[in-house]
Amino acid sequence: MISHDTKLSASCAAVGVGETPHYRSDPVDAAQLILEASVAALNDAGLSPKDVNGILPPEGYISSEEIAAQLGIDDLRYSATIHMGGASSVAALQSAAMAIATGVADTVLVAFGWDGYTSRPTAPQRPQRASRLPQRPFAELMRNYYAPYGARLAVQWYGFYIQRYMELYDVSPEGALQVALTARAHASLTDGAYLKDKPLTREQYLSSPVIVDPVRRYDCCLETDCAAAVVLTSRERARDLHHHPIIFLGGAEGHPHPADDITNRPDMLQLGLHSAAPRAFQMAELQLSDVDFLQVYDCYSHVVLLQLEALGLTEAGGAAEFVVNEGIGLDGSMPVNTHGGLLSHGHGWGMNHVVEAVRQLRHDRGSGQVVGAQVGVVTGYGDLGDGSVAIFGRE
Amino acid sequence: MNLTERPVDVYQPKSFGLDMDFYLRAAASGQVHVQQCETCANFQHPPRFLCSACASKHLNWQAIQGAGTVYSWSLSHFTIDSAWTDSLPYATVVVESLEGVRFVGTFSGPQNDLTIGLPVNIRVESIGKNFAYIWFDSISETSKENG
Ligand SMILES: [Zn+2]
């Protein structure tokens, strides 16, 4: 084991979280939502913007310099932007921890958000900020080799490996169904969940249209305008703040190879998380059996199944059976997405999963609480299968 | 369902650099060409500046043999690409060629025949000088047609 892994583990703590509501109505400016979530996270921590000297913003929607300018952060020492799509938010936690552990920065703001509804693929085109950078690392390859054949949406690209996964392992469709229904049940226990008051039945799920085989409408994440943020600081400083510190125990990012093309990977079913998860657990010196809940990036139900396997919960192809037999609800053997996830809480780039993990570990989740939770895991997933993971525990 | 003709106004990327070379060669020759490394003989697609196996910059274009097997596919019942609306549901197919590189294209046979490992021929339909559309034809269908 590399010795500096140990130093990164437990070097910092999440001390403040904040999020905006999820909107699907009037057009919004994502930058404004990101700033609102940032202020909420700082207030939750009891810190002032002047305490922040590191910022990790999302790709494309606002720069760290603009966040600093708007919040009045006058001594920005560390800024970086992670280009891993939906895996960026959780990967940014590793980067924040590195900055704090090495003393490059002592308090870091990780803020994510977007106009997922306002600029959804089926929405009318709208004027964009000049500073907006929507391109992803794989954009050139996608337009040259996938788009001519009618594959322009994430669900169509991921369909390549979901289809292969379902066929190779003869995966039961009950797995994805349970992921979707459980997410909705958890949303009903969560203030701020976009679909809190919209129960989902088995019959509604099964009668919802197939978007890309075998992904049904209710297997697809929501498109919402929203933002969420977390403030991290050194473990020492965290002890002086008013919330129970939630310690960063381990984190990692992983990139499948080649990351910019799904189709030419030696094994299309090897995601970034397959390489990231073991490194994060090694850093934390923990095993999955020590973990009380998982917040898994759920752009599509089937991608949750793949990630449960990448985390080591089951052998390859076994996740559907686990979900059905062992359960991923609050009373199941491994609660998953206890806020409702991207499927039913809203699409906060997975930063809403981080916020939920912190609240669970603070024991602040009311009827949605995983009783006695001590350790929780959050995953990120994005672009064409990039993965990230963070492990948090109570001080 | 099967799709024997592509949508008329299918998206044609305005490629540049190596991607443009890929399409110019395929359109002109009627055959898919991929990069092969002079140093280690590795085949690769999409084209890159360096060999992904040994980082050599000495890469040559080679015509592929033109056959392969289905690796996976994505069957869309929904699209945001208006060119494809009338073709729903349609399959976007990934085929591994005999050279071990994989391409995205359209399968001309019945969608229900799609299965991992299905042998296919890889065919090019040239669309003007700058673009070539990749088709996968079922080998059993071809042999039936040929008597
Ligand atoms: Zn080589």
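The values are calculated or read from the model by the stated rules, or taken from the named source; none is laboratory data. Because the structure is a prediction, the values reported are computed rather than measured. Reconstructed Cβ throughout: ideal geometry from the backbone, glycine too, with neighbour counts over all protein chains shown. Heads up: the accessible areas ignore ligands, DNA and RNA and are worked out on the full protein's heavy atoms, side chains in. Shrake-Rupley method; radii C 1.70, N 1.55, O 1.52, S 1.80 Å.
Tally Lys/Arg at +1 and Asp/Glu at -1 over every other residue whose Cβ is under 11 Å from the Cβ of A:Gly254; what's the total?
Result for the local shell: -1.
Could you sort B:75-83, A:316-324 so that the peptide with the highest average Cβ count within 10 Å comes first and the rest follow in order?
My ranking of the peptides, most packed first, is A:316-324, B:75-83.
With all distinct Cα pairs included, what does the Kirkwood hydrodynamic radius of the protein assembly as shown come out to in Å, to one decimal, could you say?
Kirkwood hydrodynamic radius for the protein assembly as shown: 24.1 Å.
Taking 2.2 N^0.38 Å as the expected size of a compact globular protein, what ratio does the Cα radius of gyration of the stretch B:1-57 give against it, to two decimals?
1.43
Within the stretch B:58-100, whose backbone N sits under 13 Å from a point 7 Å along Cα→Cβ of B:Thr115?
Correct set: B:70.
Averaged over peptide B:101-111, how many Cβ atoms belonging to another chain are found within 10 Å of each residue's Cβ?
So the per-residue partner count for this stretch is 3.
Taking only C-alpha pairs under 8 Å that are 6+ residues apart, what is the relative contact order of the stretch B:17-146 in percent?
Relative contact order comes out at 25 percent.
For the stretch A:5-45, what's the radius of gyration and Dmax over Cα atoms, in angstrom?
Rg and Dmax of the stretch A:5-45, Cα atoms, are 14.8, 47 Å.
For the stretch A:242-354, what's the relative contact order in percent, using C-alpha pairs closer than 8 Å and at least 6 residues apart?
Taking the mean separation of contacting Cα pairs over the length of the stretch A:242-354, I get 21 percent.
Could I get the Rg over Rh figure for the stretch B:17-146? Both from C-alpha atoms, Rh via Kirkwood, rounded to two places.
Rg divided by Rh gives 1.00.
If the elastic network links every pair of Cα atoms under 10 Å, which of A:Ser333, A:Ser131, A:Ser367 fluctuates the most in the Gaussian network model of chain A?
Comparing A:Ser333, A:Ser131, A:Ser367 in the GNM, the peak value goes to A:Ser131.
Once you keep just the Cα pairs under 8 angstrom separated by 6 or more residues, what percentage relative contact order results for chain A?
27 percent
Evaluate peptide A:141-147: per residue, the Cβ atoms of other protein chains within 10 Å of its Cβ; return the mean as an integer.
If you average over the peptide's residues, the count of other-chain Cβ atoms is 6.
Along the charge dipole of the stretch A:1-156, pointing to its positive end and built from +1/-1 on Cβ of Lys, Arg, Asp and Glu, which listed residue (A:Gly85, A:Ala111, A:Asn53) has its Cα farthest out?
Of the candidates, A:Gly85 comes out farthest on the positive side.
With every protein chain in place, what's the accessible area of A:Arg239 (1.4 Å probe, Å², nearest 10)?
140 Å²
Report, as an integer, the average count of C-beta atoms from other chains found within 10 Å of each Cβ along B:2-11.
Average per residue, whole number: 2.
Which whole-angstrom value gives the distance between the alpha carbon centres of the stretch B:5-48 and the stretch A:25-55?
First find each Cα centre; the distance between them is then 46 Å.
Set Lys and Arg Cβ to +1 and Asp and Glu Cβ to -1, take the dipole of the protein assembly as shown about its Cα centre, and tell me which of A:Leu306, A:Gly327, B:Pro47 lies farthest positive.
The residue sitting most towards the positive pole is B:Pro47.
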